[in-house]
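A.B. asks: Dropping a structure here in structure tokens format, bear with me for questions.
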């Protein structure tokens, strides 16, 4: 059967099981959009290409499936790049499709031309410029395979508009065979044995889990391992949801804004079992002071993540779920940890996570706590970046994987709202909250139109403090309160939401917080809640940049 | 800084060199020399990359990051391997017939030869290890070097 490039694209997406795409039309994708007109794949039109990429990313994080976004050449493609880089840093499976100028115009500085494969090379796991329509089906097949296997990541396919029109026989490759790409899924038996011995002989073991646990679907195995060893568990921002926050072995998040007891505990551990985490600088603080007494077992699917930042005693390359499963079978002798758990509990009592409840203003932490209670901890939370993100990480009790959706590695303001759209499209039965700041919500606020138009019912809790709060906090603590351009104004969020056809609620008093959340949840529409919160509230604890992670600023007496 | 020779087999596709070069520049690694050519299998190219690193850890990262590139088939590190390595040098020197004996004895020693003579210059070709080439260049300085070009190292175990 002869099909055009555009038809091949849509047929291939269908065969890959794509149920929704987020995209924006333009001159060099007209042939594709003409076929989308007849396609039964759901299509969401955001109001900015960046939002298309974030929505695809959010969809992927919440569902575990590959997110798909689409944009035209030149500016359409460059607008995607922040979203692509965001997915790349957090290893999110995504396929981005861009139109390109006609093959014979490439390199001619044609209208809306940009070297998109060149621009996205360092922010994609792989990318393709399609030069022959006969290669298109294979390329799409490979792109989905690469995006979703090994350490996942975004893959971009750049398709010149003439290729979209050319016809060829459609041959769908049944399997993918790439000699140069063969991810390792099973851990080396010798290494697993070494790790098991080290764990059995440990006295103060600690699990440090990251986004790899979520990506690999290993939450059950982690819980089993922690309970079997009776070892405390701490997690990175990306690892939130990988272990229930309500569990007695849970230490919460570690690192720059982690709990003090997690940071102290990891410094005291004798064996750290790092699982799908990468010892990021926000986690380790000053490297040479990080967990000096600990032997480190590092399980990761990406060999390049191992021994990149800290020296690892037992590296195990492979899929976290497989390897932890294998370890569970092999561990016969469990360490005696009752003394260690007592010490950890003492740390929890000595350094609880807390905030001052004094003052007339609403505390942002309180808002997050109330969202947690009102949703029974069962909502999917997305965040923007900054204080809102850290409070959302600290004060909501996540008990399932894929319920905390946040820009970890890249730290992209403007991520949370479009990501929430993608989450809601992927998980229509879940309550979806974007915990936002008044700064970051303004970076993709145009998506109100998309939400209303497509009846994507998300709730946005704006922790409105009139500042770019996290930067202001750094200015307060390290730049003598010289608030250089961090005082920011915004629109009347209530009226703005209403003008888009959404619902706006303003909350200025503490007693209005819970009712406003309940009301928002009861409304079958997108709701902006403008919480007027304490303007100069800080996120604590805080490890100053470059300090050892047990040298925290506590904030409160 | 120490030098290490890596032999990298890659898919022979457009853009692969840019991926490799981009990886080095994005992560701040130094390429000392680079030689690229097709192999027996026209679908695969061989890149011999000489890298300069300050510590072993960086060399490990370079190898791992290279391996992560989808188009990279294999990475071989010759650092601790017995191997043969060669570089080709073309050098244009000032030359007149009175220099003949002096040049010939030099070229005999380094297995070089004159591949072109024009007016008062000669182009000398020599293949050897980098150390030998350096020594020859030092010696040829006496004639006056007008121009030189080197291929960069290639290696085989």
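A.B. asks: In nanometres, what is the gap between the two model label sites at residue B:1 and residue A:287, each 7 Å from Cα along Cα-to-Cβ?
C.D. replies: Between residue B:1 and residue A:287, the simple spin-label model gives 2.0 nm.
A.B. asks: Answer rounded, prolate or oblate for the range A:189-350, using the Cα gyration tensor with square roots of eigenvalues a ≥ b ≥ c: rounded when a/c is under 1.5, else prolate when a/b is larger than b/c, else oblate.
C.D. replies: On the way: a/c = 1.30, a/b = 1.12, b/c = 1.16.
In terms of gyration-tensor shape, rounded.
A.B. asks: To the nearest 10 degrees, how steep is helix B:56-68 against the longest Cα principal axis of chain B, on a 0 to 90 scale?
C.D. replies: Rounded to the nearest ten degrees, it is 70.
A.B. asks: Continuing with the same structure: Please determine, in degrees from 0 to 90 and to the nearest 10, the orientation of helix B:16-27 with respect to the longest principal axis defined by the Cα atoms of chain B, where the helix direction is its Cα long axis.
C.D. replies: Here the helix axis deviates by roughly 80 degrees.
A.B. asks: Suppose each label sits 7 Å from its Cα in the direction of the beta carbon; what would the residue B:116-residue A:478 distance come out to in nanometres?
C.D. replies: With each label point 7 Å from Cα toward Cβ, the separation is 5.8 nm.
A.B. asks: A further question follows. Rounded, prolate or oblate: which fits the range B:1-92 when a ≥ b ≥ c are the square roots of the eigenvalues of the alpha-carbon gyration tensor, with rounded for a/c under 1.5 and prolate only if a/b beats b/c? Please list the in-between numbers first.
C.D. replies: On the way: a/c = 1.43, a/b = 1.06, b/c = 1.35.
Note, shape of the range B:1-92 comes out rounded.
A.B. asks: If you line up the long axis of helix B:100-110 against the longest principal axis of chain B, both from Cα atoms, how many degrees apart are they, to the nearest 10?
C.D. replies: 30 degrees
A.B. asks: Taking every residue in A:179-186, how many Cβ atoms of other protein chains lie within 10 Å of its Cβ, on average?
C.D. replies: The mean count of partner-chain Cβ atoms within 10 Å per residue comes to 3.
A.B. asks: Peptides B:64-70, A:187-193, B:98-104: what's the order by average Cβ count within 10 Å, highest mean first?
C.D. replies: B:64-70, A:187-193, B:98-104
A.B. asks: Let me have the relative contact order for chain A, percent, based on Cα pairs under 8 Å that are six or more residues apart.
C.D. replies: So the answer I get is 14 percent.
A.B. asks: May I ask for the Kirkwood hydrodynamic radius of the range A:2-169, worked out over all distinct Cα pairs and given in angstroms to one decimal?
C.D. replies: 15.2 Å
A.B. asks: Same structure again: Ordered by packing density, taken as the mean number of other Cβ atoms within 10 Å over each peptide's residues, highest first, how do A:358-367, B:29-38 rank?
C.D. replies: On the way: A:358-367: 18.9, B:29-38: 15.9.
Per-residue Cβ counts within 10 Å, averaged per peptide and sorted highest first, yield A:358-367, B:29-38.
A.B. asks: P(r) for the range A:386-524, please, calculated from all Cα pair distances in 5 Å bins and given in %.
C.D. replies: Taking every Cα pair in the range A:386-524, the percentages come to 2, 9, 18, 23, 22, 15, 8, 3, 1, 0.
A.B. asks: For B:48, A:399, what ranking results if the residue with the fewest other Cβ atoms within 10 Å of its Cβ goes first?
C.D. replies: On the way: B:48 24, A:399 16.
Going from least to most buried by this count: A:399, B:48.
A.B. asks: Let me ask another. Ordered by packing density, taken as the mean number of other Cβ atoms within 10 Å over each peptide's residues, highest first, how do A:411-422, A:460-471, A:371-382 rank?
C.D. replies: The most tightly packed comes first, giving A:411-422, A:460-471, A:371-382.
A.B. asks: Can you sort A:98, B:2, A:72 by how many other beta carbons sit within 10 Å, fewest first? The partial results should precede the final answer.
C.D. replies: Numbers: A:98 30, B:2 11, A:72 25.
Ascending Cβ contact count within 10 Å gives the list B:2, A:72, A:98.
A.B. asks: A further question follows. Divide by every residue of chain A the summed helix terms, -39500 (n - 2.57) for each DSSP H run of at least 4, and state the resulting mean residue ellipticity at 222 nm, rounded to the nearest 500 deg cm²/dmol.
C.D. replies: It comes out at -10500 deg cm²/dmol, rounded to the nearest 500.
A.B. asks: If you wrap a convex hull around the C-alpha atoms of the range A:486-531 and split its volume per residue, what is the figure in Å³?
C.D. replies: Spelled out: Cα convex hull of the range A:486-531, divided by residues, is 77 Å³.
A.B. asks: What residue among B:53, B:91, B:115 shows peak mean-square fluctuation when chain B is described by a Gaussian network model with Cα springs under 10 Å?
C.D. replies: Among B:53, B:91, B:115, the largest GNM mean-square fluctuation belongs to B:115.
A.B. asks: Report the normalised scattering of chain A as log10 I(q)/I(0) at q = 0.06, 0.08 Å⁻¹, calculated by the Debye formula with identical scatterers on the alpha carbons.
C.D. replies: -0.30, -0.54
A.B. asks: Which of rounded, prolate or oblate describes the range B:84-156 when judged by the alpha-carbon gyration tensor and an a/c cut-off of 1.5?
C.D. replies: Working: a/c = 2.15, a/b = 1.77, b/c = 1.22.
Here the range B:84-156 falls in the prolate category.
A.B. asks: Report, in deg cm²/dmol and to the nearest 500, the calculated mean residue ellipticity at 222 nm for chain B, where each DSSP H run with n ≥ 4 adds -39500 (n - 2.57) and the sum is divided by the residue count.
C.D. replies: Here the helix-only value at 222 nm equals -9000 deg cm²/dmol.
A.B. asks: Which of B:136, B:148 comes first, and how do the rest follow, when ranked by fewest Cβ neighbours within 10 Å?
C.D. replies: Working: B:136 21, B:148 15.
Listed from fewest to most nearby Cβ atoms, that is B:148, B:136.
A.B. asks: With the crude spin-label approximation of a point 7 Å out along Cα→Cβ, what separation in nm comes out for residue A:485 versus residue A:131?
C.D. replies: 4.3 nm
A.B. asks: Let me ask something else. If you take the beta carbon distance between residue A:38 and residue A:430 as r and set R0 to 35 Å, what does 1/(1 + (r/R0)^6) give as a FRET efficiency, to the nearest 0.05?
C.D. replies: 0.70
Throughout, read-outs are computed from the coordinates displayed, never taken from laboratory work. In this text the structure is predicted, and so the values were computed from the model without any measurement. Using ideal geometry, Cβ is built from the backbone for each residue, glycine included, and neighbour counts are taken over all protein chains shown.
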